[in-house]
Amino acid sequence: MQRRRRHCVGGVSVQLVWLLALVWSWRMLVEAQQAPKTDPIEVAALNTILRRWGLKASSEWNIRGEPCSGFASDGIDWDHRPNINPFIKCVCSYDNSTTCHITRLYVHSSSRFDQL
């Protein structure tokens, strides 16, 4: 009878190393797929401003109830999307890319600018 050889690296089996690598990569994939969330305090402030002005969030940037989604979180400025009003821009690189902050608010209406 032949004896099976175990492949070890520093006393740890190669199979165990592969298993740990697989679990770690799966965990990283799951974390990467979770979309970042907008700071709830900023969402409340934005909703208050829009409500007072009688405006609604655009479906172009408020996807599935998350303000910092869609066009709000891409790298293109609102100059290239003049039909979206109001418009916000967000940075979603906070807390390991799990938190977004609203960094800009654009409202095209002369009556609104003097209220800012």
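Taken together, the values in this text are just the output of simple stated rules run on the coordinates, not laboratory data. These numbers were taken from a predicted model, which means no experiment stands behind them. All Cβ positions, glycine included, derive from the backbone under ideal geometry; neighbour counts span all protein chains shown.
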Pull out the extension gain between residue 13 and residue 103, defined as 0.36 nm times the separation in residues minus the alpha carbon to alpha carbon distance; nm, one decimal.
27.4 nm
Among 20, 46, 105, what is the fewest-to-most ranking by other Cβ atoms within 10 Å?
20, 105, 46
What is the fewest-to-most order of 18, 61, 78 by other Cβ atoms lying within 10 Å of their Cβ?
18, 78, 61
